[in-house]
Amino acid sequence: MKTMNENSWQLLCNAARQLPGEDHELMPGVKWGDYAELYTPAFWKIQYISHMQRAEPRQFYKLGNTILEEIVVCLLGGFGMPSEVGLAAFDRLKKRNLIVSGVSWDQLYKAMSQPFELSDGKKVTYRFYNQRTKYLYKLLNKPDLEAIPVHSDLELRNWLLTIDGIGLKTASWITRNWLDSDRVAILDIHILRAGLLAGFYEKEYDLNKYYLKLEQQYLSFCDALEVSSGIMDAIIWEFMKKTNRLAISALKHTN
Amino acid sequence: MSGNDNNDFSTGSGGSSQQDCRTLSGQGTIMSPVPAVLATLSVGEYLDITLRTVTSLQGVTASGQVVGGVFVNPSSLQSAIIACINDGNEYQGRITSLVGGSCELIITAK
């Protein structure tokens, strides 16, 4: 079993002692809460401090060597696609030099429709290869591939939204990973639940409909906590996913 | 997707297994203990670790007096203990230090 070293533990206890009282307001309508209670703002602040005590706390990995590769690998993954399959498809496209502007439909279709052999030797077909090939073909034949706005996170995200198959969540994911951006957030059901429990969301809004509004509230929460929204997002997401059942139970008690 | 790997005391989706529950242990601190109760405690004594709310823990003396909320780190240990208590397991905290108005504990299954 892993335990924190004594010094880290004492530093964390000291940090906890210095937090504002649980009834103090962190932001309008949101109190700090008790750091010893899971899912309160004070709890998340302590998780952040604990995370930052590590030697190499931030771990956002770019999967591609170029922005175009990054977009392609994100288009190939997600939506319930096992990451191994998405990465196998990405690997094949790279090896065949198909992640280039103006690629032909036939080459792309052939590469996507042939079964992929995974590391365990198992052969699998990429699900929805027809639809995903269409997305890739459209992307790789966009006329403005030479002018992807990688100088600005918000411009990049807006540009990504012009690609078929990419919504706000995926566009934000690519933007954060590529530009290490703290002005966008990757929101999903786990962040939504965390927001409801911490109090920075008032009700369960539809993420697709209210993404930007919810993103703004999340970013305001991180500003108030004085934490990097990107790192906080990763911390919250991981913990909420691990404690899914407990979080749902806690939510029932808050309603 | 967006996650980082953490120190792992995970019990999956917040559930528990009996094996995990019996072997869970770690450090905890009661940082704002009730002074009158704190004054009655001594190192080596055991407290019951029980649910204070659905998402937090507390230390309770053998006579049933609440000492205060328990701060546990890593947080995945706290969530695992809560899940195990919800599944009927019991925990205790052995007092290892009573310095500076706080109460340090080593938490183990009963």
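The values are calculated or read from the model by the stated rules, or taken from the named source; none is laboratory data. Since we're looking at a predicted model, the values are computed, not measured. Heads up, the Cβs are rebuilt from the backbone with ideal geometry, glycines too, and the neighbour counts pull from every protein chain shown. All accessible areas refer to the heavy atoms of the entire protein, side chains included, with ligands and DNA or RNA removed. Shrake-Rupley method; radii C 1.70, N 1.55, O 1.52, S 1.80 Å.
Details
- Between the stretch A:62-115 and the stretch A:9-54, the alpha-carbon center distance in angstrom: 42 Å
- Long-range amide H partners of B:VAL70 with built H, under 5 Å: B:LEU57, B:GLN58, B:GLY59
- The calculated FRET efficiency for the pair A:ILE189 and A:ASN65, based on their C-beta separation and a Förster distance of 41 Å, comes to about 0.85.
- Neighbouring partner chain Cβ atoms per residue of B:62-75, average, 10 Å criterion: 4
- Tail fraction, Cα-Cα pairs, the stretch A:67-179, threshold 25 Å, whole percent: 19 percent
- What the Cβ-Cβ distance of A:ASP164 and A:LYS213 gives, at R0 = 25 Å and to the nearest 0.05, is a FRET efficiency of 0.55.
- Couplings 3J(HN,Hα) for the stretch A:216-230, derived from phi with the Karplus relation 6.51 cos²θ - 1.76 cosθ + 1.60 (θ = phi - 60°), are 4, 5, 5, 5, 5, 4, 5, 4, 5, 7, 6, 10, 6, 5, x Hz, where x marks Gly and Pro.
- For B:TYR91, the residues whose modelled amide H falls within less than 5 Å of its own, excluding neighbours fewer than 5 places apart on the same chain, are B:ILE49, B:LYS110.
- Backbone phi angles across the stretch B:73-78, fed through the Karplus curve with coefficients 6.51, -1.76 and 1.60 (θ = phi - 60°), yield HN-Hα couplings of 9, x, 4, 5, 5, 4 Hz in residue order; Gly and Pro are listed as x.
- In Å², nearest 10: area of A:HIS151 left accessible to a 1.4 Å probe: 140 Å²
- When A:VAL100, A:VAL124 are compared by accessible area at a 1.4 angstrom probe, the order from most to least is A:VAL100, A:VAL124.
- If only the Cβ of Lys and Arg carry +1 and only the Cβ of Asp and Glu carry -1, the dipole of the stretch B:20-109 around its Cα centre is close to 100 debye.
- Computed from phi, the 3J(HN,Hα) profile of the stretch A:191-197 under the Karplus parametrisation 6.51, -1.76, 1.60 (θ = phi - 60°) reads 5, 4, 5, 4, x, 5, 6 Hz, with x in place of Gly and Pro.
- Among A:GLY80, B:PRO35, A:GLN217 the positive-end extreme of the charge dipole of the protein assembly as shown (Cβ point charges): A:GLY80
- Partner lysines whose Cα lies under 27 Å from the Cα of A:LYS45, excluding those fewer than 8 positions away in the same chain, are identified as A:LYS2, A:LYS31, A:LYS62, A:LYS169, A:LYS203, A:LYS213, A:LYS241, A:LYS242, A:LYS252.
- Amide H contacts for A:SER181 (H built 1.01 Å from N in the peptide plane; partners 5 or more residues away or on another chain; cut-off under 5 Å): A:ARG176.
- Fluctuation leader among A:ASN141, A:ASN97, A:ASN177 - chain A, Gaussian network, Cα springs under 10 angstrom: A:ASN97
- Cβ-based charge dipole, chain A, positive-most Cα from A:LEU192, A:ILE166, A:PHE90: A:PHE90
- Rounded to the nearest 20 debye, the dipole magnitude of chain A is 1020 debye, with +1 charges on Lys and Arg beta carbons, -1 on Asp and Glu beta carbons, and the Cα centre as origin.
- Accessible surface of A:GLU238 - all protein chains present, 1.4 Å probe, nearest 10 Å²: 30 Å²
- Taking all protein chains as shown and a probe of 1.4 angstrom, A:TYR211 keeps an accessible surface of around 10 Å².
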